[in-house]
Amino acid sequence: MTDFAKTEKNNIKRLPKRGHYDRETIYSILDEALICHVGFVQAGQPYVIPINFARVGDTIVLHGAKASRLLKHIEAGNPVCVEVTIVDGLVLARSVFHHSVNYRSAVLFGTGRLVVDEQEKLAALEAVTEHLIPGRWKEARPPNQKELHATSVVSIRIDEASAKVRVGPAVDEEEDHALPVWAGVLSFQETPSIPIQDELQSEDVPLPGYIAHYSRRPTEERVP
Ligand SMILES: Cc1cc2nc3c(=O)[nH]c(=O)nc-3n(C[C@H](O)[C@H](O)[C@H](O)COP(=O)(O)OP(=O)(O)OC[C@H]3O[C@@H](n4cnc5c(N)ncnc54)[C@H](O)[C@@H]3O)c2cc1C
């Protein structure tokens, strides 16, 4: 996979050693992040909207109601900025100044289009569903014509992108090392709580494995 070019827009100037431009790093962050935030400017006013998404190759797909202002704005070919963040831990230093967060984040720039082809639209809806919970698309009822008609899907080509990643322990001043203040990393991981079965469902519908063992982590990184 090739790297994104460094441009005036995506070049990380502050702490550049934390910057990454390779698709592998950026796409792994996108694929693990649950939701994204889309930033856009309309009539001079910036907006940032949280929304579900999926990465399909070098694009981001979004879906929503036909009347959605955000989707209409993207359909019209306006530029947008998409952001995701995964918090991996709180970095607790001995001094307040050196407190930090271990994180993986990505910022993308691109322009979008309305997806009109029905097969492409269905594939995008499948991708958004599977991004949230892999295994769900095959089990849930697929959208019917009425639902498809009421739904807009847009595809945003990722033109420019960067990731910024912080890992590791607190970095304190040497003279603070002897302070009697607990220092270290409080790790974070997005994990689900106990599934609550819908009251209208009969008890004999078993809990699928993809729900029971849900994890945002890529399969190869999961603790058995
Ligand atoms: C986790 C999550 C996932 C979501 N997934 C989807 C999705 O897949 N598809 C989808 O269409 N929508 C989704 N939404 C809702 C989405 O955030 C927007 O509300 C929706 O897309 C309509 O955006 P709009 O700009 O067209 O709305 P408008 O109603 O035109 O927005 C007008 C104003 O309402 C306020 N507003 C809008 N949305 C929010 C919000 N979420 N929180 C607080 N204020 C808000 C803002 O001030 C905004 O400027 C999701 C929201 C969350 C939090």
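The values are calculated or read from the model by the stated rules, or taken from the named source; none is laboratory data. It should be emphasised that the depicted structure is a prediction, and the values quoted were computed from it without experimental measurement. For neighbour counting, all protein chains shown are included, and Cβ atoms are generated from backbone atoms with ideal geometry for every residue, glycine included. Just so you know, the surface numbers come from the protein's heavy atoms only, side chains and all, with ligands and any DNA or RNA stripped out. Shrake-Rupley method; radii C 1.70, N 1.55, O 1.52, S 1.80 Å.
Straight-line cross-link partners of Lys72 among the lysines, defined as a Cα under 23 Å from its Cα and at least 8 positions apart when in the same chain: Lys121, Lys146.
Charges were assigned to the Cβ only: +1 to each Lys and Arg, -1 to each Asp and Glu. The resulting dipole of the chain about its Cα centre is roughly 700 debye. Helix 118-132 and the long axis of the chain differ in direction by around 40°, with both axes built from C-alpha atoms. Sorted on the mean count of surrounding Cβ atoms within 10 Å across their residues, most packed first, peptides 32-40, 156-164 read 156-164, 32-40.
Between Gln45 and Met1, the distance separating the two model label sites (each 7 Å from Cα on the Cα→Cβ line) works out to 3.7 nm. For Asp172, the amide hydrogen comes within under 5 Å of no other amide hydrogen, counting only partners 5 or more places away or on other chains and with H modelled in the peptide plane. Solvent-accessible surface of the chain, taken per residue with a 1.4 Å probe and all protein chains present: 62 Å². For the stretch 35-41, 3J(HN,Hα) computed residue by residue from phi via the Karplus equation (6.51, -1.76, 1.60; θ = phi - 60°) reads 10, 10, 10, 10, x, 7, 10 Hz, glycine and proline entered as x. The P(r) of the chain has a tail past 32 Å containing 31 percent of all C-alpha pairs. What separates the Cα centres of the stretch 77-121 and the stretch 1-25 is a distance of 13 Å. Put simply, the amide H of Ser162, placed in the peptide plane, has neighbours under 5 Å in Val107, leaving out anything fewer than 5 places away on its chain.
Cross-link reach is defined here as a Cα-Cα straight distance under 24 Å, omitting same-chain residues fewer than 8 places apart; for Lys9 the lysines meeting it are Lys17, Lys164.
Compared with the dominant Cα axis of the chain, that is its longest principal axis, helix 23-32 is turned about 70°.
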